[in-house]
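> Structure incoming, see below.
The values are calculated or read from the model by the stated rules, or taken from the named source; none is laboratory data. As the structure is a prediction and not an experimental result, all values here were calculated from the model. When we count neighbours, we look across all protein chains shown, and the Cβ atoms used for this are built from the backbone with ideal geometry, even at glycine. The protein model used for the area step is the full one, side chains on, heavy atoms only, and it has no ligands, DNA or RNA in it. Shrake-Rupley method; radii C 1.70, N 1.55, O 1.52, S 1.80 Å.
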Amino acid sequence: MDYTSIKPSFGDRMFTIINYSLLSLFFLMVLYPLIFILSASISDPSAVVAGKVWLWPVKPNLMGYEAVFKHKLIGSGFLNSLYYTVLGTIINVIMTLLAAYPLARKDFYGKNVIMLLFVFTTMFSGGLIPGYLIVKDLNMLNTVWAMVLPGALSVWNVIITRTYFQTSIPPEMLEAAQIDGCNDFKFVWKIVIPLSGPIIAVITLFYAVGHWNQFFSALIFLDKQHMYPLQIILRDILIQNDVSAIMLSDIQDAARREALRVLLKYSLIVVSTVPLMLVYPFVQKHFVKGVMIGSLKG
Amino acid sequence: MKALQLRTLTKRPSVPSASPIRKMLRVWQLYVLIALPLLYIVVFKYIPMYGAQIAFKDFIVTKGVWGSDWAGLKHFDRFIHSYEFGKIMRNTLVLNFYNLLAGFPFPLMLALSLNYVRIRWFKKTVQMVTYAPHFISTVVMVGMMFELLNPRNGLVNNILQAFGLDAINFMGNPDLFQSIYVWSGVWQSAGFNCIIFLAALSSIDPSLHEAAVVDGASQRQRVWHIDLPGILPVAIILLILNMGSMLDVGYEKVLLMQNPLNTRTSEVIDTYVYKVGLVSQAMNYSYSAAIGLFKSVIGFILILTVNQIARKANQTSLW
C-alpha cells in the first residue's frame, strides 16, 4: 500500500502504530490459548491442576499422550473418521464435478431451471425430522452410507467449481475438441479434469475438513459404538467428562487420577487437531484461492 | 459447392428456434453427467421438503407420510402456545443477532488492518495464526472452552485469581452463555472470514489510492473513502447470506455448550427440534417437524426481505 516516497505525515505514522499494535494484540489473543493447550498437554498433571502452567510446559513429560493412546475408543474413532472422510470426500468431489460442468456450459438447455433447483435448497429445507426420516426409510441408519450420502454435495462448492470452469476453460477449447470429434464425456475426462487441479484441491480440502469435523450426523444416524467417529468419542470425553475408570484404575490416588484426567483432555485436544494443522500450511494458499473464486459473482 | 455454402448460411438463423426437445437431445451427454447430482438433490433435499407435510399431520411411522391423517395447524398451534415458545424464540433471535453484530465487523476490520501492513513476514505470520483456529472442530472448540473456563483449574480463572478476582463459573451461568458463544466464535473464525474481504480489497483499482495519495489523503481517509466503499458490495452479499442462514447458525455448538444450568438462555429452535423429535422418550415427529418448518419459513422470509432491502438501497443483491 506504499505508493510514494513522501515522508509519512504524523497522522499516518500514528495510524500505522495503532494498526500494528491492534493486530499484534489480536494475534497474541489467538495464539496464547493454542500455546497454553500445547504446553499443558506435555506438563506434569499436578502442575496443570494447580495452575502452575502459564506459557511454557512445567516438568515436561508424555503421560497425557500415553493415556490417549491407551484408550481403545480413540484409536477406533480415529480409523472410523479416516474411513468416513476418505470415502465421503471421494463421493463429494465426483458429485460436485458432475454437477458443476453441465451447469457451466452455455448451451446446456435447462441450465437455469436446474440451477434454481440447486440454489433453492440452500435457502429452504424440509428440516431435521424429514431429513432423518428419509435416511431411515432408505435403511441407512447405522451404516456408513448415512455418514457420506446425505451430505454428498454442497451447492456452495458446486457454484465455486462452476465459476472456475466458466472462467478458466475457454469455450474455444470445447469447439476445437468437438471439431476433432470429441464428445462431452471425453472432454470432461481428458480436458476439464486435468485442467482443474487447483479447484479440485480446494473442494477436496473443504469437504475433507467438513467430514473430519462432522459430529451431528453421527449423533443422529449412528448408535453402534464401534462405528463412532472420533468427534463423538471426543464429545464423550471432553464435554460429558466420560473418562472410563478402567484406563486410569492403576492409579490409586484420587487427586492424581483427577489430574491425569485433565491432562488427558489437553493431550486429546492436541492429538485430534494436529493432523489438520499439519496439512494446513501446505494448503493455505489453495484455501485463499477457493474463497476468492467463490467471491466472484457467477 | 457454392449452393451448399449458401444453404448452410441461410440455415443458420433457424438454429436458435429449434424445438426444446432438439436442444435437449443435442446435449444429452450433459444430462447424463448431471443425473446423479440431480437424483441426490431430489432424494435428500426435495423429498424431505415433501415429507415436511407431516407437520400438518399426525404422523404414524407404520402409515407413512402419505397415509397419516391430517391434523391441520394443530402442531403449530401447540408450539406457539406452549410455555417454551417465548423463551425459545427470544433465545434464537438474541443469539443470532448478537452473533451477527459482533461477528460481522471483526473480519472486516481485520482485513482493512492487514491491508495496511507493509512488513511481509508480519502479515504472513498474523494470517497464518489467525486462520488456524478455523480448523478446530466444534467438539474440540467447546472442549477447549470447558477446560480453559473451568471454575476450579481453568486458565481464565487462574488469571482472574492472579489479579485477586473471584473465580467465575462461566459455563454454569446462563447470563454468560450468549457472550461465550459469540466471542469464542469471533476468536475461531474472524481470521478465516477476513480472507474474502482481503480478496475484495486486492481487487480495488490501485490508481484510486495513487490519486488519493497525490491529493494528500491520509491513510485513515483512504480507508474510509476508498477501501470501505470498495468492499461494500461483497460485505452486503455476505450479510444477506448470513441473514438467510441466521436462524440455523451453529446449533451443533449450542447443543454441545448446553447443560442443565444454562438452558434458560441456551435453548434455541434447533436444539428444541432435536430434543423433541429424536431424543425424548415420546418421540413426536410431527410436532418436531412443525417447529422445524416454522423456522425454515421464517428463515426464507428473512432472506427474501433482506435481499429486497439491499436491492432497493444499494443495487446489490443476490438475484
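> How long is the gain from B:Leu278 to B:Tyr98 if the chain were fully straight, where each residue apart is worth 0.36 nm and the alpha carbon distance is subtracted?
Details: separation 180, 0.36 × 180 = 64.80 nm, distance 2.83 nm.
Additional length available on full extension: 62.0 nm.
> Round to the nearest 0.05 the FRET efficiency obtained for A:Thr16 and B:Ile60 when R0 = 56 Å and r is the Cβ-Cβ distance.
On the way: r = 69 Å, r/R0 = 1.23.
In this case the efficiency is close to 0.25.
> Let me ask you something else. Out of A:Tyr266, A:Ser81, A:Tyr164, whose Cα points farthest toward the positive end of the dipole of chain A (charges: +1 Lys, Arg; -1 Asp, Glu; placed on Cβ)?
Ranked along the dipole, the leading option is A:Tyr266.
> Strictly greater than 31 Å: what percent of every Cα pair in chain B meets that? Each step should come with its number before you reach the end.
Values: 27748 of 50721 pairs.
Counting every Cα pair in chain B, those more than 31 Å apart make up 55 percent.
> Still on this structure: For q values of 0.13, 0.14 Å⁻¹, compute log₁₀ I(q)/I(0) with the Debye formula on a Cα-only model of the stretch A:161-240, without solvent.
Result of the Debye calculation: -0.61, -0.64.
> Also: How large is Rg/Rh for the protein assembly as shown, to two decimals, with Cα atoms and a Kirkwood Rh? Show your work: numbers first, answer last.
On the way: Rg = 27.3 Å, Rh = 27.3 Å.
Answer for the protein assembly as shown: 1.00.
> What is the Cα centroid distance between the stretch A:192-215 and the stretch A:120-137, reported in whole angstrom?
The two parts, judged by their Cα centres, are 24 Å apart.
> Which percent of the accessible heavy-atom area of the stretch B:22-138 goes to carbon and sulfur, probe 1.4 angstrom?
Details: 4250 of 6060 Å².
The C+S portion of the solvent-accessible surface of the stretch B:22-138 is 70 percent.
> May I ask you to give the average projected area over all directions of the convex hull of the Cα atoms of the stretch A:72-226, in nm² rounded to one decimal? Walk me through the numbers on the way to the answer.
Numbers: hull surface 42.4 nm².
Answer in nm², one decimal: 10.6.
> Turning to a different aspect of this structure: Just to check I understand the Karplus step: with θ = phi - 60° and J = 6.51 cos²θ - 1.76 cosθ + 1.60, what whole-Hz values come out for the stretch A:33-49, glycine and proline as x?
Going residue by residue, I get x, 5, 5, 4, 5, 4, 5, 4, 5, 10, 9, 6, x, 5, 5, 5, 5 Hz, with x marking Gly and Pro.
> While we're looking at this one, here's another question. Could you tell me, in Å, what Rg and Dmax come out for the Cα atoms of the stretch B:17-70?
17.8, 51
> Please compute the contact order of the stretch A:72-226 in relative form: average sequence separation of alpha-carbon pairs under 8 Å and at least six residues apart, divided by the residue count, as a percent. Show your work: numbers first, answer last.
Values: 96 pairs, mean separation 70.1, N = 155.
This gives 45 percent for the stretch A:72-226.
> Show me A:191-200, A:266-275 ranked by packing, highest mean number of other Cβ atoms within 10 Å first. Please list the in-between numbers first.
Working: A:191-200: 15.7, A:266-275: 21.6.
My ranking of the peptides, most packed first, is A:266-275, A:191-200.
> While we're on this one: Ordered by residue, what ³J(HN,Hα) values in Hz, to whole numbers, does the stretch B:128-143 give under the Karplus form 6.51 cos²θ - 1.76 cosθ + 1.60, where θ = phi - 60° and Gly and Pro are x?
4, 6, 6, 6, 3, x, 4, 8, 6, 6, 4, 4, 5, 4, 5, x
> Further question: Which value in Å is the Kirkwood Rh of the stretch B:178-239 over different Cα pairs?
On the way: mean 1/r = 0.0750 Å⁻¹.
One over the average 1/r among Cα pairs gives 13.3 Å for the stretch B:178-239.
> Which residue, B:Ser218, B:Ser137, B:Ser288, tops the fluctuation ranking in a GNM of chain B built on C-alpha contacts under 10 Å?
B:Ser218
> From Cα pairs below 8 angstrom and at least 6 apart in sequence, can you work out the relative contact order of chain A, rounded to a whole percent? It would help to have the intermediate numbers written out before the result.
Values: 250 pairs, mean separation 94.1, N = 298.
Relative contact order of chain A: 32 percent.
> Around B:Gln178, what is the net charge, scoring Lys/Arg as +1 and Asp/Glu as -1 over all other residues with Cβ under 15 Å from its Cβ?
Taking every other residue near B:Gln178 into account, the sum is +2.
> Still on this structure, please answer the following. Ignoring ligands, DNA and RNA, how much accessible area is buried between chains B and A, both sides summed, with a 1.4 Å probe, to the nearest 100 Å²? It would help to have the intermediate numbers written out before the result.
Working: alone 20600 and 18940 Å², together 30400 Å².
The summed interface area works out to 9100 Å².
> Leaving out ligands, DNA and RNA, and with a 1.4 Å probe, what % of the accessible surface on chain A is carbon or sulfur? It would help to have the intermediate numbers written out before the result.
On the way: 9760 of 14370 Å².
Ligands and nucleic acids excluded, carbon and sulfur give 68 percent.
> Which FRET efficiency value, to the nearest 0.05, is calculated for A:Ile90 and B:Glu210 with the Förster distance at 51 angstrom and r the Cβ-Cβ distance? Working shown, then result.
Details: r = 48 Å, r/R0 = 0.95.
FRET efficiency, A:Ile90 to B:Glu210: 0.60.
> Moving on to the next point. Write down the radius of gyration of chain A and its Dmax, each obtained from C-alpha positions, in Å.
25.2, 80
> Collect residues whose amide H, placed 1.01 Å from N in the peptide plane, falls under 5 Å from the amide H of B:Lys57; neighbours closer than 5 in sequence don't count.
Here the answer is B:Ala71, since their amide H atoms fall under 5 Å of that of B:Lys57.
> Please report, in debye to the nearest 20, how large the charge dipole of the protein assembly as shown is about its Cα centre when each Lys and Arg carries +1 at its beta carbon and each Asp and Glu carries -1 there.
Working: 49 positive and 31 negative charges, 317 e Å.
Dipole of the protein assembly as shown, to the nearest 20 debye: 1520 debye.
> Can you give me the relative contact order of chain B as a percent, contacts being Cα pairs under 8 Å and 6 or more apart?
Working: 270 pairs, mean separation 74.0, N = 319.
Rounded, it is 23 percent for chain B.
> When the C-alpha atoms of the stretch A:1-121 are aligned to their principal axes, what extent does each axis show, in angstrom, from largest down?
Dimensions of the stretch A:1-121 along the principal axes of its Cα atoms: 68, 65, 25 Å.
> Using a probe radius of 1.4 Å on heavy atoms only, what accessible surface per residue do you get for the stretch B:34-170? Whole Å² is fine.
Working: 6630 Å² over 137 residues.
Spelled out: the 1.4 Å probe surface of the stretch B:34-170, per residue, equals 48 Å².
> Grab the DSSP H runs of chain B that are 4 residues or longer, score each as -39,500 (n - 2.57), total them, divide by all residues and round the 222 nm result to the nearest 500 deg cm²/dmol. Working shown, then result.
Working: 19 runs with 212 residues, N = 319.
It comes out at -20000 deg cm²/dmol, rounded to the nearest 500.
> Once you list every other residue whose beta carbon is under 13 Å from the beta carbon of B:Ser286, what net charge do they have if Lys and Arg are +1 and Asp and Glu are -1?
Numbers: positive: B:Lys57, B:Lys63, B:Lys74, B:Arg78; negative: B:Asp58, B:Asp69, B:Asp77.
Overall, the nearby charge balance is +1.
> Using each residue's phi in the stretch B:74-91, evaluate 6.51 cos²θ - 1.76 cosθ + 1.60 at θ = phi - 60° and report the 3J(HN,Hα) Karplus result to the nearest Hz, with x for Gly and Pro.
3, 5, 5, 4, 4, 5, 5, 9, 6, 6, 6, 3, x, 4, 5, 4, 4, 4
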